[in-house]
């Protein structure tokens with residue numbers, strides 16, 4: 001074997017990443033739960049986080065990625081990983 005790579009595959013229950021400030025932790029923005037697709041969508045996620053940090057208008061609507069979707073009654077699709 002000449003080369004190998006390994007990493008964790010983190011997922012959210014609805015398979016949509018969280019790119020969001022964390023309520024109650026001022027100044028902390030997380031970008032997680034990319035389901036193994038972080039290398040592919042990482043640049044876009046990084047741009048979204050940068051826009052949030054700099055208080056710029058983001059290129060895409062960040063609301064679908066907000067962590068509050070798991071607690072505010074938003075209907076989410078739960079994947080069955082059996």
task: Read through the list (1) touching a residue at least 24 places away in the same chain (Cβ under 8 Å); (2) exposed (fewer than 14 other Cβ atoms within 10 Å of the Cβ), then give the number of the only condition that residue 49 fails.
output: (2)
field: Output for the range 43-57, where each listed residue is under 16 Å from residue 26 (Cα atoms) and under 10 Å from the mean Cα position of the chain (by Cα)
entry: 49
Single condition residue 43 does not satisfy, out of (1) assigned to a strand (DSSP E or B); (2) out of contact with any helix residue (DSSP H, G or I) (no Cβ under 7 Å at 6 or more places or on another chain): (1)
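Return the residue satisfying two criteria in turn: it lies in the range 13-33 and is modelled with pLDDT under 90 and surrounded by 14 or more Cβ atoms within 10 Å (Cβ to Cβ), and of such residues it is farthest from the chain's Cα centre (by Cα).
Residues of the range 13-33 that are modelled with pLDDT under 90, as a first pass: 13-15.
After this cut, where a residue has to be surrounded by 14 or more Cβ atoms within 10 Å (Cβ to Cβ) as well, the list is 14-15.
Details: 14: 11, 15: 9 Å.
Selected residue: 14.
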- line: Being out of contact with any helix residue (DSSP H, G or I) (no Cβ under 8 Å at 6 or more places or on another chain) and either outside any helix (DSSP H, G or I) or touching a residue at least 24 places away in the same chain (Cβ under 8 Å) (or both) narrows 20, 68 down to just 68
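Among the residues of the range 54-63, are any touching a strand residue (DSSP E or B) at 6+ places or on another chain (Cβ under 7 Å) and touching a residue at least 40 places away in the same chain (Cβ under 8 Å)? Steps first, answer last, please.
If we filter the range 54-63 for residues that are touching a strand residue (DSSP E or B) at 6+ places or on another chain (Cβ under 7 Å), which is where we start, we get 62.
Of the ones still in play, those that are also touching a residue at least 40 places away in the same chain (Cβ under 8 Å) are 62.
Yes; the residues of the range 54-63 include at least one that is touching a strand residue (DSSP E or B) at 6+ places or on another chain (Cβ under 7 Å) and touching a residue at least 40 places away in the same chain (Cβ under 8 Å).
Specify the residue that is surrounded by the most Cβ atoms within 10 Å (Cβ to Cβ); the eligible residues are those in the range 35-46 that are over 14 Å from residue 62 (Cβ atoms) and modelled with pLDDT of 90 or more. Outline the logic, then answer.
Of the residues in the range 35-46, the ones over 14 Å from residue 62 (Cβ atoms) are 35-40, 42-43.
From what's left, modelled with pLDDT of 90 or more: 42-43.
Details: 42: 12, 43: 9.
Selected residue: 42.
Consider residue 74 carefully, then state whether it is part of a loop (DSSP other than H, G, I, E, B), touching a helix residue (DSSP H, G or I) at 6+ places or on another chain (Cβ under 9 Å) and surrounded by 11 or more Cβ atoms within 10 Å (Cβ to Cβ).
Yes, satisfied.
Take residue 36 and decide whether it is under 12 Å from the mean Cα position of the chain (by Cα) and without any contact (Cβ under 8 Å) to a residue 12 or more places away in the chain.
On the way: under 12 Å from the mean Cα position of the chain (by Cα): yes; without any contact (Cβ under 8 Å) to a residue 12 or more places away in the chain: no.
Judged against the criteria, residue 36 is not a match.
The values are calculated or read from the model by the stated rules, or taken from the named source; none is laboratory data. Every value quoted in this text rests on a predicted model; they were computed, and no experiment measured them. Methodologically, a virtual Cβ is constructed for each residue, glycine included, from the backbone with ideal geometry; neighbour enumeration extends over all protein chains shown.
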